Amino acid sequence: MKKINKTYVLLVSILLIASTSANAQISKAEIIATGLTCSMCSNAINKQLKSLADVESVAIDLNTNTFTVSLKKNNTLSPLIFKENIEKAGFFIGSLVLTTTAETLSKKQYINVNNSKSGNTIVQIQIVDKGYVTDKEFKKLSKSFKNIATYASNNENDFHYKMLN
């Protein structure tokens, strides 16, 4: 019985370590929100983003509706967390640009749609899935990426990206 418990604990520990490192190392997120009409709207998004434990700071540009989110090192956030929190505040993402490590992009849930590579260890990417770009942009991108089977499937755990640098 004790051997089974030790094996079980070891297996669970390994799985937890593997799952927490799967989304690690996003250092910054630049979010352009849509649907904002006043400073109270931006305040609602600001509160949602600051409520995340791994958020270090949030800077707001009201002229462009851009929220620049600086994250703590070794965080476990994924793009989905940002989408959910913006939508929880009652708004949508028009653009999501992440500053992350090249290592993070080697995880299977990150799919490069323009096949460009960067020799940098720190890279900037734009998430181009439905819910991370405007509806108009998504329709345009759907035509461009129609040969990428995973893009059409709209799996919330897949993150299709364009390399920006």
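Counting only residues that are among the aliphatic types (A, V, I, L, M), within 23 Å of Leu36 (Cα to Cα) and in contact with a strand residue (DSSP E or B) (Cβ under 7 Å, 6 or more places away or on another chain), the stretch 71-90 holds 1 of them.
Taking the stretch 152-165 as the range and being in contact with a helix residue (DSSP H, G or I) (Cβ under 7 Å, 6 or more places away or on another chain) and under 14 Å from Asn114 (Cα atoms) as the test, the residues that pass are Phe159, His160. Is there a residue in the stretch 135-146 that is over 25 Å from Gly35 (Cα atoms) and either in a loop (DSSP other than H, G, I, E, B) or β-branched (Val, Ile, Thr) (or both)? Yes. Taking the criterion of being open to solvent by 20 Å² or more (accessible area, probe 1.4 Å) and either of a type in the set (Asp, Glu) or in contact with a helix residue (DSSP H, G or I) (Cβ under 9 Å, 6 or more places away or on another chain) (or both), the residues of the stretch 45-72 that qualify are Gln48, Ser51, Leu52, Asp54, Glu56, Ser57, Val58, Ile60, Asp61, Leu62, Asn65.
In the stretch 102-132, of all residues being within 13 Å of the chain's Cα centre (by Cα) and of a type in the set (Ser, Thr, Tyr), the one that is farthest from Ile148 (Cα to Cα) corresponds to Thr104.
Looking only at residues in the stretch 138-164 that are more than 19 Å from the chain's Cα centre (by Cα) and of a type outside the set (S, T, N, Q), the one that is surrounded by the most Cβ atoms within 10 Å (Cβ to Cβ) is Phe145. The combined condition, being touching an Asp or Glu at 6+ places or on another chain (Cβ under 8 Å) and in contact (Cβ under 8 Å) with a residue 24 or more places away in the chain, is fulfilled by Thr76. Scanning the stretch 120-134 for residues that are exposed (fewer than 12 other Cβ atoms within 10 Å of the Cβ) and either without any contact (Cβ under 8 Å) to a residue 24 or more places away in the chain or farther than 21 Å from Thr104 by Cα (or both) yields one hit, Thr121. Picking from residues in the stretch 73-107 that are β-branched (Val, Ile, Thr) and under 16 Å from Val133 (Cα atoms), the one that is most open to solvent (accessible area, probe 1.4 Å) is Ile81.
The values are calculated or read from the model by the stated rules, or taken from the named source; none is laboratory data. The structure presented is a predicted model; accordingly, all values stated were derived computationally and were not measured. Every residue, glycine as well, gets a Cβ built from its backbone with ideal geometry; the counts of neighbours run over all protein chains shown. These accessible areas exclude ligands, DNA and RNA; they are computed on the full protein's heavy atoms, side chains included. Shrake-Rupley method; radii C 1.70, N 1.55, O 1.52, S 1.80 Å.
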